[in-house]
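Working notes for the structure below.
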Amino acid sequence: MKAADSIQTVKNIGEARAAQFGRMGIETVDDLISYYPRDYEDRSVTTPVCELEADNTVTIRGKIMRAPEAMRTRTLSVVSAVVSDGTGSIVCVWFNQPYIKNQLKQGVEYSFTGKVSERMGRLQLNSPDYEAVNAESLNMGRIVPVYRLPAKMSQRMIRGYIKSALDCVEDGLEEYMPKSVLKGRSLCSREFAVRNIHFPENDDAFFKARRRLVFDELLFLQLHLLELKGNVSSKKSGVKIKDFDISPILSQLGFELTNAQKRVLSEIISDLKKGCVMNRLIQGDVGSGKTALAVISAYLAVINGYQAVLMAPTDVLAGQHFKSFERLFSPLGIRCDLLTSGLKKKEKDDAYKRISSGESNIVIGTHALIQDNVKYSNPGLVITDEQHRFGVRQREKLSAKGNEPHVLVMTATPIPRTLALILYGDLDISVIDELPPGRQKIDTFAVDHSYYRRLYAFIKKEVAKGRQAYIICPMIEENDNAELRSVLSYTEELKNDIFPELNIACVHGKLKNDEKQKIMERFASGDIDVLVSTTVIEVGINVPNASLMIIENAERFGLSALHQLRGRVGRGSDKSYCVLVSDNKNKLAKERLKIMCSTNDGFVISEKDLELRGPGDFFGTRQHGLPEMKIANLYKDIDILKEVQSVAIDIYRGDRELKTIENSLLKAKIYELFTTKIKKICL
Ligand code: ADP
Ligand code: MG
């Protein structure tokens, strides 16, 4: 049979079984042999019966001494058999599996794996798995695979199916990896890897097999991302930046750049001087001052005669950027325009005109910037802020609006380096690892409802000092779940009952764009004391006077979201606080809040996040469009990932379209994985 054949061609798999597999997405023979174990049990070591101890899971090997006995109680059937291996004997018992009595034959030698328990002073083996000793054993006397089971199947069955598939598939174990890579990276053959990932000959074989399969999985993904990206740096840019005098914009900014900002700026400038297309990611924790670099870069583009485009994930953030850019640039005679989907038709049409005529020097907006009807006059630089909120495709689409413009992407989510390598493939990475001077640590507390009085007193005290507060709720409106705070009802309660003397307002995703904008402006100007909000303000919002962040139902938010939200305060020189309110008693939830209280370091938090949630969840297909990993663990396999990166770049540099005979099989595989199977990759 062929790898692409239906699994019904595998021995003993009929229509019903095929349907059960189908529900888990396993349809072809190839799917089946790529269905890797979730765990293994080492049954290769047998324990002499005389050495057994209660509570251990063991494998023993011995003969059935007498014909097995069956007993029935009112509720239970019990089969028992005495097994002896020459060092001693032990009773094995099985419950409610009466057929076992006829399967076990007296005088025959079997392996048994199960847990030893002690009953009335005697040891026994409970419901052990067993198999006759002889033949080629799949279930005993070896390292045994353990699979995530489809409905109505046993480990034994699935092991059998996979073995049959491995033995009969003609082309499924063919090698597609170029020889040079296999040799250069000391990888085992695919045949060896696939057989040993299921039925490892020994530990060493397993590790070799796993390394190979992880390598393959990451390499396919990496090559695919490179292909998506369309090039590997060193592409000549048509955008010529010659004038590097940034003193006017620096004096507009009004602060001295931190050393980290200066370093990143010099990296940007050296990119621009090279004459190649810049592809740079700026990674910096919340509040580290990424915007200033966007401002300076945009200025460079403009004074050299180009447009700069800045894309942000929410209209609230785009609006804020627009305001602050306008304030910095209009004194220099540089025109900024805002483009979001919320604009009125007339406003939009006017903006389109200014953008295509080049009257707009800097265009700031949301996804609206990449719509087909937006034509730019001559974009020399495109910037995406909060890149983790966009897919690779959106970033590409923005670049495609110009003639090889320079690209700057900024992210506040401190993505662990492993993930950055995958997500940002070939981008050069700059890190702002320093906060502007005078910042104080944000003190964070996790409390439950019993603290409300103190919390309200605290809000009052901060407001009396002239500060402002955010209160984040998980919902906009009340719903059936009475435990969740909602923005609308809480705002009413705060206005009417709790703080009648304060200025309270709310903002959420259902408000019209200009209403949101107005409220944010009023909050920024200090007109509002307490802003009740959903996570629409999660990213990017910058109101340095706000010093208190209260997050209701904090257990509902992921660590990264909590960190982002907390990053809305502590942006000035005042001491700031974050209060996480939760009545949830769940252990994991508590642990997460504890992490928040113990550190302000976004890198630490994101690593913990990854640990607690697993990489699949961390990526969230919604956000990044990356496929779920079958075997690679992006958190643990960083070393393999590094190798893969360099191999991928080499392959790509040498043969961009994977046209050579050597690479053609790889290409087919990538096509199969990403085009036919995962159509939705990358949004
Ligand atoms: P983020 O990296 O989260 O996007 P911002 O760029 O919004 O951070 O900057 C946060 C705050 O720090 C802003 O109020 C900004 O004006 C201020 N800031 C940035 N760089 C400096 C600096 N070098 N010195 C003083 N304040 C700075
Ligand atoms: Mg920002």
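The values are calculated or read from the model by the stated rules, or taken from the named source; none is laboratory data. Note that the structure is a prediction, hence the values are computed from the model and not measured. Glycine also receives a Cβ, built like all others from the backbone with ideal geometry; neighbour counts cover every protein chain displayed.
Here segment 493-534 is the region considered, the condition is being of a type in the set (S, T, N, Q) and away from ligand 1 (no atom under 16 Å from the Cβ), and the residue that is nearest to K345 (Cα to Cα) is N513.
Matching residues to (1) within 23 Å of D385 (Cα to Cα); (2) assigned to a loop (DSSP other than H, G, I, E, B); (3) among the basic types (K, R):
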site: N196; (1), (2), (3): no, no, no
site: D204; (1), (2), (3): no, no, no
site: K208; (1), (2), (3): no, no, yes
site: K242; (1), (2), (3): no, yes, yes
site: E256; (1), (2), (3): yes, yes, no
site: D271; (1), (2), (3): yes, no, no
site: L281; (1), (2), (3): yes, no, no
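Within segment 506-527, is even one residue buried (at least 18 other Cβ atoms within 10 Å of the Cβ), of a type in the set (A, V, I, L, M, F, W, C) and more than 24 Å from L343 (Cα to Cα)? Taking every residue of segment 506-527 in turn, none turns out to be buried (at least 18 other Cβ atoms within 10 Å of the Cβ), of a type in the set (A, V, I, L, M, F, W, C) and more than 24 Å from L343 (Cα to Cα). Residue count for segment 561-584 under the criterion of being within 15 Å of ligand 1 (Cβ to nearest atom) and buried (at least 22 other Cβ atoms within 10 Å of the Cβ): the result is 10.
Taking the criterion of being outside any strand (DSSP E or B), within 38 Å of the chain's Cα centre (by Cα) and aliphatic (A, V, I, L, M), the residues of segment 331-353 that qualify are L343, A351. Note on segment 266-276: residues that are crowded, with 20+ Cβ neighbours inside 10 Å and aliphatic (A, V, I, L, M) amount to 2. Does V286 qualify as being in a helix (DSSP H, G or I), crowded, with 22+ Cβ neighbours inside 10 Å and touching a residue at least 40 places away in the same chain (Cβ under 8 Å)? Judged against the criteria, V286 is not a match.
Conditions (1) within 30 Å of V133 (Cα to Cα); (2) β-branched (V, I, T), marked per residue:
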residue	(1), (2)
T9	yes, yes
E15	no, no
G22	no, no
G25	no, no
P48	yes, no
V58	yes, yes
K63	yes, no
V79	yes, yes
T87	yes, yes
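A quick yes/no check of all residues on (1) modelled with pLDDT of 95 or more; (2) outside the structural domain of Q252 (by TED's automatic domain parsing); (3) surrounded by fewer than 22 Cβ atoms within 10 Å (Cβ to Cβ):
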| residue | (1), (2), (3) |
| --- | --- |
| F322 | yes, no, no |
| R327 | yes, no, yes |
| C336 | yes, no, no |
| T340 | no, no, no |
| E347 | no, no, yes |
| S360 | yes, no, no |
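When residues in segment 536-580 are screened for being assigned to a helix (DSSP H, G or I) and either over 19 Å from G319 (Cα atoms) or under 19 Å from the mean Cα position of the chain (by Cα) (or both), 11 of them pass. If you check F445 against the conditions, is it at pLDDT 95 or above, surrounded by 14 or more Cβ atoms within 10 Å (Cβ to Cβ) and outside any helix (DSSP H, G or I)? For F445, the condition - at pLDDT 95 or above, surrounded by 14 or more Cβ atoms within 10 Å (Cβ to Cβ) and outside any helix (DSSP H, G or I) - is met. If you go through segment 2-45 and keep only what is touching a strand residue (DSSP E or B) at 6+ places or on another chain (Cβ under 8 Å) and of a type in the set (S, T, N, Q), you end up with S6, T28, S44. Take T73 and decide whether it is among the β-branched types (V, I, T) and more than 47 Å from the chain's Cα centre (by Cα). Spelling it out, T73 is indeed among the β-branched types (V, I, T) and more than 47 Å from the chain's Cα centre (by Cα). Count of segment 489-509 residues, restricted to those that are assigned to a helix (DSSP H, G or I) and more than 36 Å from the chain's Cα centre (by Cα), is 7. Mind checking whether some residue in segment 555-565 is in contact (Cβ under 8 Å) with a residue 60 or more places away in the chain and away from ligand 2 (no atom under 16 Å from the Cβ)? Yes, segment 555-565 contains a residue that is in contact (Cβ under 8 Å) with a residue 60 or more places away in the chain and away from ligand 2 (no atom under 16 Å from the Cβ).
Of all residues in segment 140-158, exactly one satisfies the criterion of being buried (at least 17 other Cβ atoms within 10 Å of the Cβ) and on the phi > 0 side of the Ramachandran plot, namely G141.
For Y376, the conditions (1) part of a helix (DSSP H, G or I); (2) away from ligand 2 (no atom under 16 Å from the Cβ); (3) not charged (D, E, K, R) are fulfilled apart from (1).
Scan segment 115-122 and tell me whether some residue there is closer than 30 Å to D204 by Cα and at pLDDT 90 or above. The answer is yes; a qualifying residue exists. Whenever a residue of segment 256-272 is within 16 Å of ligand 2 (Cβ to nearest atom) and modelled with pLDDT of 95 or more, its partners that are outside any helix (DSSP H, G or I) and of a type in the set (D, E, K, R), lying with C-beta atoms within less than 6 angstrom and at least six residues away or across chains, give the pairs T258/E434; A260/D433; A260/E434.
Of all residues in segment 18-62, those being part of a helix (DSSP H, G or I) and closer than 30 Å to R119 by Cα number 3.
On inspection, I296 does not qualify as hydrophobic (A, V, I, L, M, F, W, C), more than 14 Å from ligand 1 (Cβ to nearest atom) and assigned by TED's automatic domain parsing to the domain that holds D385.
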